[in-house]
Amino acid sequence: MPLSADEIYQKLYLAVVQVICERENNAVVTGSGVIVSPEGVVLTNAHVVEQAKQCFVKTGNPAVSLGKLRIVFAGNTTEKIAATLVPKEDFALGKISDVVSSSAAKPPFKYLDLDAEYVMRIGDGFYAAAYPTELIGSGGFLAGKQNLVYTTTKVIDAFRVDDASVTYDVIELEGSIATQQGSSGSPIISPRDGSVIGIVFGQTGLEIDNGFEPPTIVETARRTELAFLVSHLDRTIKKEKGKSLSEFIRELSLE
């Protein structure tokens, strides 16, 4: 029997994090992520953490400082999905360090299991949880008003990263309030047991080109969200590291 929405929320609360990375010239990139081990290994997108001088994590509702995030693995972002600018390995793993003494999240951390066995089916319903910053703007971000957005979504399409793939690697999800910039790296969560079946890496339909007029921002319900299946991440790690994603995470947890 599926878990209730409240039961899923209790599992993911403090396990979903906001990722904030500082780059050169005081540039700041925000995304989301999910803690995947009690030792504080975090799964997010490579494009969120790339070129970062340092990264931090927040959690809670609203988000408050948790600690630093030391990047321990980032996928190779040079090879792209055909006809796109999206890297086939747009995922990364970091480890939480220097935990803030006042943080509600402390080791051993709350975490979500990863499900590499999920078989994609159109129409399957899931939960999404993220710290999107697009609608609150830079002012809201600086004021620390990043609330955890928790909502439902469902699979509307699926894709393979290349012609050599024999299984689906990417799912497309219907738009929701979570379909905003800042949701990259956020988990897609199964109602069956609260495990993570995918991580978001982008959105479609962010704006409409009106010719000579400024682009019109499309409301979140008319966008769609794209996520890598955990099974794709697992196959990638097996090919590169000779071990499963769960084995690799356990190895990183001991570092």
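The values are calculated or read from the model by the stated rules, or taken from the named source; none is laboratory data. These figures come from a predicted structure and were not determined experimentally. For neighbour counting, all protein chains shown are included, and Cβ atoms are generated from backbone atoms with ideal geometry for every residue, glycine included.
Of the residues making up region 177-205, those that are of a type in the set (S, T, N, Q) and crowded, with 21+ Cβ neighbours inside 10 Å are THR179, GLN180, SER183, SER184, SER186, SER190, GLN203. Inspection of region 242-255 finds no residue satisfying the criterion of being surrounded by 13 or more Cβ atoms within 10 Å (Cβ to Cβ), of a type in the set (Phe, Trp, Tyr), on the phi < 0 side of the Ramachandran plot and under 17 Å from the mean Cα position of the chain (by Cα).
The residues of region 1-19 that are of a type outside the set (Asp, Glu) and without any contact (Cβ under 8 Å) to a residue 40 or more places away in the chain, listed by number, are MET1, SER4, GLN10. Scanning region 42-68 for residues that are within 24 Å of GLY198 (Cβ to Cβ) and either without any contact (Cβ under 8 Å) to a residue 24 or more places away in the chain or not in a helix (DSSP H, G or I) (or both) yields a total of 14.
In region 130-143, the residue that is surrounded by the fewest Cβ atoms within 10 Å (Cβ to Cβ) out of those that are modelled with pLDDT under 95 and not in a loop (DSSP other than H, G, I, E, B) is GLY139.
PHE109: among the hydrophobic types (A, V, I, L, M, F, W, C), buried (at least 19 other Cβ atoms within 10 Å of the Cβ), within 22 Å of GLY194 (Cβ to Cβ) and touching a Gly at 6+ places or on another chain (Cβ under 6 Å), yes or no? So PHE109 passes the test. Has region 57-69 got at least one residue that is basic (Lys, Arg) and more than 15 Å from TYR111 (Cα to Cα)? Scanning region 57-69, I find at least one residue that is basic (Lys, Arg) and more than 15 Å from TYR111 (Cα to Cα), so the answer is yes.
Let's see how each residue does on (1) modelled with pLDDT of 95 or more; (2) under 16 Å from the mean Cα position of the chain (by Cα):
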| site | (1), (2) |
| --- | --- |
| TYR111 | yes, yes |
| GLY125 | yes, no |
| ALA128 | yes, yes |
| LYS145 | no, no |
| THR152 | yes, yes |
| ASP157 | yes, no |
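Among the candidates VAL41, VAL29, the residue that is under 17 Å from SER186 (Cα atoms), at pLDDT below 95 and of a type outside the set (D, E, K, R) is uniquely VAL29. Among the criteria (1) surrounded by 22 or more Cβ atoms within 10 Å (Cβ to Cβ); (2) over 19 Å from the mean Cα position of the chain (by Cα), the one VAL170 does not fulfil is (2). The set of residues in region 176-203 being hydrophobic (A, V, I, L, M, F, W, C) and closer than 14 Å to THR44 by Cβ consists of ILE188, VAL196, ILE199, VAL200, PHE201. Listed by position, the strands (runs of 3 or more DSSP E) enclosed by region 156-255 that each have at least 2 residues that are β-branched (Val, Ile, Thr) and under 17 Å from ALA116 (Cβ atoms) are 170-174, 187-189, 196-204. Pairs are defined by a Cβ separation below 6 Å, a sequence spacing of at least 6 or placement on different chains, a first member in region 123-137 that is in contact (Cβ under 8 Å) with a residue 12 or more places away in the chain, and a second member that is part of a loop (DSSP other than H, G, I, E, B) and surrounded by fewer than 17 Cβ atoms within 10 Å (Cβ to Cβ); the pairs so defined are GLU134/GLN181.
ASP124 falls short of the stated requirement of being among the charged types (D, E, K, R) and over 24 Å from LEU3 (Cα atoms).
Within region 50-79, which residues are charged (D, E, K, R) and surrounded by fewer than 19 Cβ atoms within 10 Å (Cβ to Cβ)?
If the condition is that a residue be charged (D, E, K, R) and surrounded by fewer than 19 Cβ atoms within 10 Å (Cβ to Cβ), then GLU50, LYS53, LYS68, ARG70, GLU79 are the ones that fit.
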